[in-house]
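Data block below; observations after.
Bear in mind these aren't lab numbers, they're just calculated from the coordinates by the rules spelled out. Bear in mind the structure is a predicted one, so any value in this text is a computation, not a measurement. Methodologically, a virtual Cβ is constructed for each residue, glycine included, from the backbone with ideal geometry; neighbour enumeration extends over all protein chains shown.
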Amino acid sequence: MELLPLVCLCLLSCSGETSAAGDGVKVVVKEDDDAVLPCSLSTKDDITRKLFDWRKDGQKEVFMYEDGQYYNNGKTGQDEQFKGRVSHFQDQLKNGDASIKITKTKMADSGNYSCFFPRLQPRQTFIIELVVGQVLRDRTGENIPGAAPRPFVATLVVTNDWALLQCEAHGDPLPTVEWKDSDDNTLGADTPQVSERGGRSYITVNITVTKTDNYRCVATQETISHRIAAVTAVRLTGAAPEPVPPQESGSSAGLVTALVVVSAVLGVVVIALIVKRIRKVMNNRDIT
């Protein structure tokens with residue numbers, strides 16, 4: 001079936017990108033963003049008193065509008081996945097626009113959507129593919145089975161110049177583990193080691209760091225879009241204290257030299273006094 005021109009494409013610029021995909025349109029958004037699924041009649045006939053029905057994968061009821069009534073406003077039967085998350089553009093119905101907006105998209109929203117006008121002659125159906133991009137984030141509060149808890153990090157050895165850190169994580173599926181610095185750079189670490197304890201698999205990764213920083217151990221489970229991290233602070237004191245700066249050494253040497261000169265002058269004065277005393281004594285003897 002030929003794809004009819006779409007209107008209100010400006011709505012799509014804030015929620016994703018669209019491109020022709022065979023007989024339909026592809027809408028791509030990131031998880032938690034809103035998605036606008038376009039559906040418009042080329043005739044731009046007023047559909048305020050018409051019926052149009054949106055379904056996902058041909059089965060799930062997404063949104064239905066009929067002569068002013070729609071889901072959450074007089075109609076029942078909407079799939080639980082979409083309750084409270086789908087709306088239409090009421091002021092655009094007069095232009096033949098049956099587009100809908102899905103708020104806070106989820107990975108599960110990805111799929112093929114159909115916009116169906118069953119009472120038009122001929123009947124018209126439009127196909128829109130929605131792709132919700134994965135966002136890795138901490139999902140521990142979503143009660144996802146197998147989601148990894150926060151990793152356990154420890155400092156095994158610390159010296160003035162380096163520290164040996166260890167990170168241990170578990171989950172199902174077993175997460176990948178990497179170390180990052182405060183600038184989010186991925187650091188080279190030792191080969192991950194996998195062990196079994198109490199019927200549970202653990203992954204352990206060690207790393208040696210050589211500078212003061214805050215280091216993050218990041219555990220990732222891409223299949224469930226889960227990522228969680230733990231942070232540890234490392235403070236290294238560095239090498240031995242620097243030697244006394246040259247200017248300070250010069251000042252000390254100058255002081256010593258001054259003391260030597262003063263001592264020499266005092267010695268000359270004392271000797272002169274002694275010689276003068278001796279001469280006086282000798283003169284007195286000659287007179288007597």
Original post:
How much length, in nm to one decimal, is gained on full extension between residue 76 and residue 32, taken as 0.36 nm per residue of separation minus their Cα-Cα distance?
Top reply: 13.3 nm
Original post:
What residues from region 164-199 fall in the zone where the backbone N is under 14 Å from a label point 7 Å along the Cα-to-C-beta line of residue 154?
Top reply: 164-169
Original post:
Residue by residue, what Karplus-based ³J(HN,Hα) values in Hz, rounded to whole numbers, does region 127-138 have, using 6.51, -1.76 and 1.60 with θ = phi - 60° and x for Gly and Pro?
Top reply: 10, 10, 9, 10, 10, 9, x, 6, 10, 7, 7, 6
**OP:** Could you estimate the translational diffusion coefficient of region 9-133 from the Stokes-Einstein equation, with Rh from the Kirkwood formula over C-alpha pairs, at 37 °C and 0.692 mPa s, in whole µm²/s?
**Re:** 227
Original post:
Extension gain residue 49-residue 176, at 0.36 nm per residue separation less the Cα-Cα distance, in nm?
Top reply: 40.3 nm
Original post:
To two decimal places, what compactness ratio does region 140-234 give when its Cα radius of gyration is scaled by 2.2 N^0.38 Å?
Top reply: 1.09
**OP:** Please give, to one decimal in nm, the separation of the simple spin-label points placed at residue 87 and residue 210, each 7 Å out from Cα toward the Cβ.
**Re:** 5.7
Original post:
In percent, how large is the relative contact order of region 82-175, given Cα pairs closer than 8 Å and 6 or more residues apart?
Top reply: 16
